[in-house]
Every structure is written in C-alpha cells, then in structure tokens.
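Peer 1: The structure follows.
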Amino acid sequence: MDRYRGNAKAIRDLVKGYAVHRDTYVDKEIFDLEMESLFPNTWVYVGHASQLKNTGDFITSKIGHQPLLISRHRDGEIYVLHNRCPHKGVKIASEACGNTGKFFRCPYHAWSFKTDGSILAIPLKKGYEGTGFDTDAASEGLARVRNVKIYRDFIFARLADNGLSFEDYFGESLSTIDNMIDRSPEGKLEIIAAPIRYMHQCNWKMLVDNQTDTCHPMVAHESSAGTAVSVWEREKHKFTETPMAVQLYAPFMSPYEFYEGAGIRVWPNGHGHTGVSGSIHQDYDDVSEYMTRMEAAYGPERARAILGDVRHNTIYFPNIMVKGPVQILRNFIPLAVDKTLVESFVFRLVGAPDKLYERSLMYNRFINAPTSIVGHDDLEMYERAQEGLRSDGNEWIDLHRLYEADEPRDANEVVNGTSERQMRNQFYAWSKFMTLNMDQSVEAAE
Amino acid sequence: MKPDRIVDFIYDEVAALDEMRWEDWLALFHEEGRYWMPLEWKQQDPIMQPSLMYEDRLLLTVRVERLAGERTFSQKPKSRCHHLLERPRVLSLGEDDGVCKARTSFIYTETRGDQLERYSGWVSHHLVDVDGALKIKLKRIDLINFDAPFGNLQLFI
C-alpha cells in the first residue's frame with residue numbers, strides 16, 4: 001500500500017528539522033517519489049556547454065530516471081531533448097558524448113531527427129498519411145524540455161512545467177559558479193576529459209549531506225589524511241619542498257576549531273556552502289604566472305578578491321557539489337534507493353597555467369576516485385549507514401548540532417562551521433520540492 | 001639480461017602482493033618509481049590527463065601504512081587479493097636504454113568482507129637493474145573497463 005504517494009503531510013512529517021526519518025534514505029516509495037516529484041520540480045544540472053563545442057556534438061544526461069539528450073544545433077543553440085524516439089521509445093543516443101553529424105537516427109526503424117529534435121524523415125512516409133499522425137505529439141520529434149537555462153555555460157533544466165524560475169531557485173548561490181569561472185583569466189571553463197566515476201551502494205543524499213559535514217574529516221579520514229601527515233612528518237627531511245600531494249591531503253586533518261571558524265552559509269531552496277572565511281583549499285602554493293595573468297585580466301584588486309574567495313564545498317540542491325578553488329563538480333546521480341553513481345568532473349581554467357589543471361586532476365583522483373583512500377573512508381561510512389538504518393532501534397537520523405527551534409527555513413545566513421544547518425536546509429528544501437505539485441494534483445483530483 | 005629474469009621478477013612481485021608482504025613489495029620500486037592506472041584508452045600523459053592512480057613511493061607508502069591502521073575502518077575486515085597472470089610478454093631487454101619492458105595479461109580479484117570484485121586488463125612493467133637487483137621504474141595497469149564506475153578498489157593490482 002502506498003504510504004506517501006499523494007500524501008504531502010506524511011512526507012513533510014519525515015522532516016522535523018532537528019531530525020529526519022530514515023525513510024528518506026531507505027524507503028523505495030520515497031525514492032520513486034523523489035524521481036517523480038523532487039527531481040522534476042528542481043533545476044538540475046545536466047551538462048556544460050564546453051562539452052558541445054561543435055555543431056552535432058551531443059551529451060546524454062538524466063533528471064531523476066528520465067534520459068536526456070543535449071545537442072548543439074546548426075543555429076548555434078543548445079537543445080535539451082528527451083532521449084526517446086517518439087515511435088517506440090528507443091533511446092536515440094546511448095553514449096555519454098559524441099558527434100552525430102547533421103542528424104540523429106533511431107537505430108530501430110531509422111526515424112531521423114535534426115539536432116534541434118524536429119523530425120527530418122520517417123521511412124515509408126506515405127503510410128502515415130490520413131492516419132492523424134501529423135497532429136500527434138509524435139510528429140514533433142524528440143520532445144524538448146521547455147525550461148532550460150544556460151548560465152555562463154552551465155546547463156540546467158527543470159522538467160516540471162510549473163515551479164520556481166531559475167533565478168528564484170538559485171538566487172545568490174550562483175556566486176560560487178561565478179567565482180569558479182572568474183578564476184579563469186578569460187572567464188571561461190572547459191571540460192576536456194571524462195569524469196572519474198565511482199559507484200556507491202547507498203542513498204544519494206548521504207553523499208550530498210557529507211559535502212558540508214565538517215565534523216567527519218578529522219575522524220573518518222584519520223586513516224588516509226592522518227596517515228599521509230604522519231608519513232610526511234617522518235619522511236620530509238628527504239625533500240626540499242612540500243609536494244603538491246601533501247598540500248592536498250594534510251588540511252583534511254584540520255581540527256574542529258578550524259572548521260568552526262570557517263563558517264557555513266545557507267541559502268534558500270537547499271543551497272549552501274562550507275568555507276565562508278577560509279577553507280582547506282586556502283594554503284596551496286601559488287602557481288607562477290597565474291597571478292600575473294589574473295591581474296592583467298581583472299586588475300590587482302579584483303584578482304585578489306576572486307582568488308581570496310576560497311569556498312570549500314557548495315551544494316546546489318538537489319544533487320551537485322561545486323568546489324570553486326579546485327574547479328571540480330561532483331554529480332550525485334541516483335540510480336536506486338541504495339545505489340548512487342558519482343561522476344566527478346574537472347574544469348580547465350582557460351588561459352591559466354597548466355599547473356592548476358594538474359592540481360585539480362590530482363585532487364580529483366586523491367579524493368573522488370574508486371582508487372582514492374579518502375573515498376574509501378567515506379564510502380565505508382555511507383554503506384554502513386545504509387545497513388545500520390535498517391535497525392528499528394531508532395527510526396530517526398539526528399541533526400541537532402547547533403539547531404535552533406526558530407530556525408528560518410529559507411534564509412541567507414552564515415552560521416558556525418560545524419553546524420548541521422546546511423543538512424537541515426537541504427531537508428527543508430527536500431520537503432518543499434517533494435510536495436510542491438502534490439497538493440495541487442490532489443486538489444485537482446478531488 | 002635473460003627474459004626469464006624479467007618473467008620471474010613479475011611473478012615474484014605479485015606473490016608479494018597476494019601474500020600481503022607490503023613492505024617487500026614497496027622495496028621493489030625504484031626511488032623514482034611510479035604506479036600508474038590510466039583513465040583513458042592508450043593514455044599518453046599520467047598528469048595532464050585524468051588517471052585513477054599515479055603515485056610515487058611516498059604515496060604508495062601512505063597506502064601501505066593506511067592498510068595497517070587501527071582506524072582504517074574500510075579494512076575491517078581486511079581485504080585479500082589474488083593475481084592470475086598470463087605469461088609475461090617480454091618486449092625489451094633494455095639493450096639500448098637499460099629499461100626492460102614487459103606486458104602481462106591479468107585477472108585480479110579483491111575481497112571486501114563477503115564481497116568479491118574482479119578486474120581484468122594488462123600490466124606493463126618498466127624495470128631497471130640497480131646494483132644487481134631489478135627495480136620498478138613504472139608499473140602501469142590498463143583495465144579493460146577503466147571507464148566504468150567501480151566501488152572501492154583498496155589493494156594493489
């Protein structure tokens with residue numbers, strides 16, 4: 001029996017602020033509703049324009065369970081299409097990216113489509129005359145996603161017809177994407193390689209929660225970052241300078257006080273970031289030539305302001321994390337209630353020295369790869385949680401840390417950096433977007 | 001240099017891994033040795049193209065010490081591994097540059113608790129003679145499905 005479908009109150013009751021019910025992580029019906037409601041109601045990142053440089057370039061993506069095809073048409077525009085032939089439903093493109101030439105062709109019956117999705121040709125065309133096909137939605141070709149926003153090359157889409165505008169949904173949170181782009185002397189980012197992919201047998205929200213969980217690194221990563229620090233202390237007399245690798249690992253062992261002072265900012269609609277006034281990314285070596293190029297591009301004052309903003313992890317609700325100072329975007333792709341695919345992309349700062357790209361690639365394989373010792377620590381925790389939550393001993397996940405009873409739900413505030421406020425913020429948004437169109441649809445049915 | 005010496009070295013190297021003699025294994029690496037697992041087909045550059053691993057002795061030492069750590073929770077219980085090798089193809093005896101090269105087809109198995117994961121591919125060795133002992137300048141692992149999403153891969157292929 002459905003406990004949650006069409007029952008907005010039951011869903012809202014799962015989120016108390018200071019605690020959330022385990023069903024948000026383990027219940028299959030809740031997961032199905034996330035796919036049907038939460039993801040379509042939100043603005044979801046689906047790709048980056050640099051992956052579509054030439055006419056006919058395409059990438060595939062998903063919102064919830066729905067497959068998408070994003071292509072560069074000959075008019076220079078990017079189209080976000082449903083990746084489904086209007087004939088039998090066959091996925092038109094199966095690869096992550098490629099170039100289709102002038103048109104897409106369905107491999108099943110050779111229906112072909114221009115790269116804006118409209119029909120180019122159907123074999124045996126005469127057989128459709130007088131059948132009413134020309135007034136059917138199928139005749140329009142690959143269905144277009146209507147609500148698309150390309151913000152400084154970042155492509156977002158909202159599947160639901162009604163909902164918050166892109167600007168209302170993200171508001172000031174776009175400042176993290178701005179900062180990441182501005183770190184290029186030319187104001188341009190590009191993806192030039194495949195992401196690192198990593199499979200997690202856990203709910204997607206565990207990964208999202210962990211991005212702003214500042215009380216875990218010094219504990220869970222004692223095994224990896226802690227060992228890196230101790231090996232380095234023993235071996236450093238053999239070195240003349242601190243290797244980039246040590247600079248990347250060591251800050252993970254920063255004490256609670258460091259994170260407390262660094263702060264967390266929350267924004268409306270579930271967005272937020274760690275590292276408001278300092279972060280684990282603040283003490284990397286300067287890269288020669290970089291500051292010169294930045295100052296030439298922006299002037300000394302603005303260049304310093306851009307590079308001085310060292311935000312740690314920014315969550316764009318629901319499912320991406322952006323790391324501005326290291327130019328990494330992690331996409332937490334839900335596959336099942338207990339299965340999540342993580343794809344971690346590195347952006348190259350156009351016009352910046354290669355050393356920065358080298359450092360970002362190193363960070364990505366150190367932290368976000370299935371071969372990453374930091375990743376091993378985290379995944380172990382997620383998978384143990386997914387199992388532990390089966391216990392009936394306690395049905396609730398505790399989020400009390402620095403909770404205030406009158407905490408506003410959609411606020412722009414900076415709080416103590418060890419607060420669990422951003423996780424609560426995500427769940428306030430979760431509750432809102434899970435049920436956004438639910439009340440209306442129930443009313444319409446009555 | 002006889003080909004058998006290279007072949008024997010490669011079998012002995014994976015024996016150290018299978019028997020979890022990590023310190024012995026680390027000692028097989030040259031001071032400037034690297035362990036590389038590419039993320040692209042026929043990848044050329046380990047640094048400016050994304051790799052799954054590209055590690056020097058310092059980083060490999062961190063991994064080895066981590067495996068023994070009291071608070072290394074992802075190793076409770078400890079993983080075990082098994083290398084099944086095809087006979088190595090010796091590609092160079094290093095007559096010109098002193099670097100012996102071999103390529104070996106493998107099936108690698110790693111456990112984690114009750115789980116068992118299997119990986120296939122080719123391992124390439126670049127070996128040099130240092131004071132009468134062969135040392136690893138480069139160990140490169142090309143997985144057939146380098147682009148697939150794995151779970152934790154914690155030991156050494």
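The values are calculated or read from the model by the stated rules, or taken from the named source; none is laboratory data. Computed from a predicted structure; not experimentally measured. Note: ideal-geometry Cβ built from the backbone for every residue, glycine included; neighbour counts use all protein chains shown. Only protein heavy atoms, including side chains, enter the accessible area calculation; ligands, DNA and RNA are left aside. Shrake-Rupley method; radii C 1.70, N 1.55, O 1.52, S 1.80 Å.
Peer 1: For the range A:354-362, just list the computed ³J(HN,Hα) in residue order, Karplus coefficients 6.51, -1.76 and 1.60, θ = phi - 60°, integers in Hz, with x standing in for Gly and Pro.
Peer 2: Here the 3J(HN,Hα) series is 4, 4, 5, 5, 4, 5, 5, 5, 5 Hz.
Peer 1: Using protein heavy atoms only (no ligands, DNA or RNA), what is the total accessible area buried between A and B, 1.4 Å probe, nearest 100 Å²?
Peer 2: Chains A and B together bury approximately 3100 Å².
Peer 1: Then there is this: With no solvent and one equal point scatterer placed on each C-alpha of the range A:286-360, evaluate the Debye formula and give log10 I(q)/I(0) for q = 0.19, 0.25 Å⁻¹, two decimals.
Peer 2: Values, matching the q order: -0.85, -1.18.
Peer 1: Further question: Across 20 Å bins from the origin, how do the percents of Cα pairs in the protein assembly as shown run, short distances first?
Peer 2: The percentages, shortest bin first, are 18, 49, 29, 4, 0.
Peer 1: Using DSSP, restrict attention to beta bridges with both residues in the protein assembly as shown and report what percent are antiparallel, rounded to the nearest 5.
Peer 2: So the antiparallel bridges amount to about 95 percent of the total.
Peer 1: All other residues with a Cβ under 9 Å from the Cβ of A:TYR79 taken together, and with Lys, Arg as +1 and Asp, Glu as -1, what is their net charge?
Peer 2: Net local charge, A:TYR79 excluded: 0.
Peer 1: Student exercise: in the range A:193-433, how many lysine pairs 8 or more apart or on different chains have Cα atoms under 20 Å apart?
Peer 2: 4
Peer 1: Taking a probe of 1.4 angstrom, what is the accessible area of A:ARG304 in Å², to the nearest 10?
Peer 2: Estimated to the nearest 10 Å², A:ARG304 gives 140 Å².
Peer 1: Suppose every K and R has +1 on its Cβ and every D and E has -1 on its Cβ; what is the size of the dipole of the range B:3-143 about the Cα centre, in Debye to the nearest 20? Please report the intermediate quantities before stating the final value.
Peer 2: Working: 21 positive and 26 negative charges, 109 e Å.
Computed about the Cα centre, the dipole is about 520 debye.
Peer 1: While we're on this one: Give me the net charge of A:ASN269's neighbourhood, meaning all other residues with Cβ under 9 Å from the Cβ of A:ASN269; Lys, Arg count +1, Asp, Glu -1.
Peer 2: -1
Peer 1: Under 29 Å between alpha carbons: how many lysine pairs meet that in the range B:20-157, if sequence neighbours fewer than 8 apart on the same chain are excluded?
Peer 2: For the range B:20-157, qualifying lysine pairs total 11.
Peer 1: Express the Stokes-Einstein translational diffusion coefficient of the range A:193-433 in µm² s⁻¹, to the nearest whole number, given a Kirkwood radius over alpha-carbon pairs, 37 °C and a viscosity of 0.692 mPa s.
Peer 2: This corresponds to a translational diffusion coefficient of 173 µm²/s.
Peer 1: Keeping all protein chains in position, work out how much accessible area A:CYS97 exposes to a 1.4 Å probe, and write it in Å² to the nearest 10.
Peer 2: Ignoring ligands and nucleic acids, A:CYS97 comes out at about 80 Å².
Peer 1: Please give me, ordered by residue number, the GluC sites (Glu not before Pro) of the range A:94-170 that lie in loop per DSSP and have at most 14 other Cβ atoms within 10 Å.
Peer 2: A:GLU95, A:GLU129
Peer 1: Build a GNM of chain A with springs between Cα atoms under 10 Å: which of A:ASP392, A:ASP406, A:ASP75 gets the top mean-square fluctuation?
Peer 2: Largest GNM mean-square fluctuation: A:ASP406.
Peer 1: Per residue of the range B:85-100, what does 6.51 cos²θ - 1.76 cosθ + 1.60 with θ = phi - 60° give for ³J(HN,Hα)? Whole Hz please, x for Gly and Pro, Karplus curve as stated.
Peer 2: Once rounded to whole Hz, the list reads 10, 7, 4, x, 8, 7, 9, 8, 9, x, 4, 8, 10, x, 9, 7.
Peer 1: Next up: On average, how many beta carbons from a partner chain sit within 10 Å of the beta carbon of a residue in A:378-384?
Peer 2: 3
Peer 1: With the Cα gyration tensor of the range A:331-407 in hand, convert its eigenvalues to equivalent ellipsoid semi-axes via √(5λ) and list them largest first in whole Å.
Peer 2: With the √(5λ) rule applied to the range A:331-407, the semi-axes are 34, 18, 12 Å.
Peer 1: Follow-up. Which of A:SER279, A:SER94, A:SER360 ends up with the largest GNM mean-square fluctuation for chain A, with Cα atoms connected below 10 Å?
Peer 2: Answer for the Gaussian network model of chain A: A:SER94.
Peer 1: Now, a different point. Can you give the accessible area of A:SER139, probe radius 1.4 Å, in Å² rounded to 10?
Peer 2: Only protein atoms counted, so the area is about 40 Å².
Peer 1: Compare the Cα positions of A:HIS273, A:PRO195, B:LEU67 along the charge dipole of the protein assembly as shown (+1 at Cβ of Lys, Arg; -1 at Cβ of Asp, Glu; about the Cα centre) and return the one farthest towards the positive end.
Peer 2: In the protein assembly as shown, that residue is A:PRO195.
Peer 1: Show me the trypsin sites (Lys or Arg not before Pro) within the range B:97-133 that DSSP assigns to loop and that have at most 15 other Cβ atoms within 10 Å of their Cβ.
Peer 2: none
Peer 1: So, counting K/R as plus one and D/E as minus one, what does the shell of residues with Cβ under 12 Å around A:TYR128 add up to?
Peer 2: Taking every Cβ under 12 Å from that of A:TYR128, the sum is -1.
Peer 1: With labels modelled as points extended 7 Å from the Cα through the Cβ direction, what inter-label distance (nm, one decimal) is found for A:ASP398 paired with A:ASN7?
Peer 2: Rounded to a tenth, the inter-label distance reads 2.8 nm.
Peer 1: Spit out the partnerless Cys residues in chain A, using Cβ distances under 4.7 Å as the pairing rule.
Peer 2: Singleton cysteines: A:CYS97, A:CYS202, A:CYS215.
Peer 1: For A:GLU172, A:GLU395, what's the largest-to-smallest order of accessible area, 1.4 Å probe?
Peer 2: A:GLU172, A:GLU395
Peer 1: Rank A:ARG401, A:ARG311 by accessible area, highest first, at a 1.4 Å probe radius?
Peer 2: A:ARG401, A:ARG311
Peer 1: Only helical DSSP H runs with n ≥ 4 go in: add -39500 (n - 2.57) per run for chain B, normalise by residue count and round the 222 nm mean residue ellipticity to 500 deg cm²/dmol.
Peer 2: -6000 deg cm²/dmol
Peer 1: Would you mind finding the longest exposed-site-free stretch of chain B, with exposed GluC sites (Glu not before Pro) meaning DSSP loop and at most 14 other Cβ atoms within 10 Å?
Peer 2: B:96-157
Peer 1: Using 1/(1 + (r/R0)^6) with R0 = 35 angstrom and r between the beta carbons of A:LYS126 and A:LYS102, what's the FRET efficiency to the nearest 0.05?
Peer 2: Numbers: r = 24 Å, r/R0 = 0.69.
Result of the calculation: an efficiency of 0.90.
Peer 1: Counting only protein chains, not ligands or nucleic acids, how are A:LEU52, A:LEU307 ordered by accessible area (probe 1.4 Å), most first? Each step should come with its number before you reach the end.
Peer 2: Values: A:LEU52 0, A:LEU307 40 Å².
These residues rank, largest area first, as A:LEU307, A:LEU52.
Peer 1: Excluding same-chain residues fewer than 8 positions from A:LYS149, which aspartates and glutamates have a Cα within less than 20 Å of its Cα?
Peer 2: Result set, ordered by chain and number: A:ASP57, A:ASP75, A:GLU77, A:ASP116, A:ASP161, A:GLU167, A:ASP168, A:GLU172, A:ASP178, A:ASP182, A:GLU190.
Peer 1: I've got another one for you. How about A:LYS126: which lysines have a C-alpha closer than 29 Å to its C-alpha, ignoring those fewer than 8 places off in the same chain?
Peer 2: Cross-link targets: A:LYS88, A:LYS91, A:LYS102, A:LYS114.
Peer 1: Non-local amide H neighbours of A:ALA19 (under 5 Å, H modeled in plane, Pro and chain starts lacking H): which ones?
Peer 2: The list, which skips near neighbours in sequence, is A:LEU399.
Peer 1: Dipole of the protein assembly as shown (Lys/Arg Cβ +1, Asp/Glu Cβ -1, origin at the Cα centre): which of A:PRO217, A:ILE177, A:PHE252 lies farthest to the positive side?
Peer 2: After comparing all options, I get A:ILE177.
Peer 1: What Kirkwood hydrodynamic radius do you get for the range A:45-151 when you take the inverse of the mean 1/r over all pairs of distinct Cα atoms, in Å?
Peer 2: Hydrodynamic radius (Kirkwood, Cα pairs) of the range A:45-151 is 14.1 Å.
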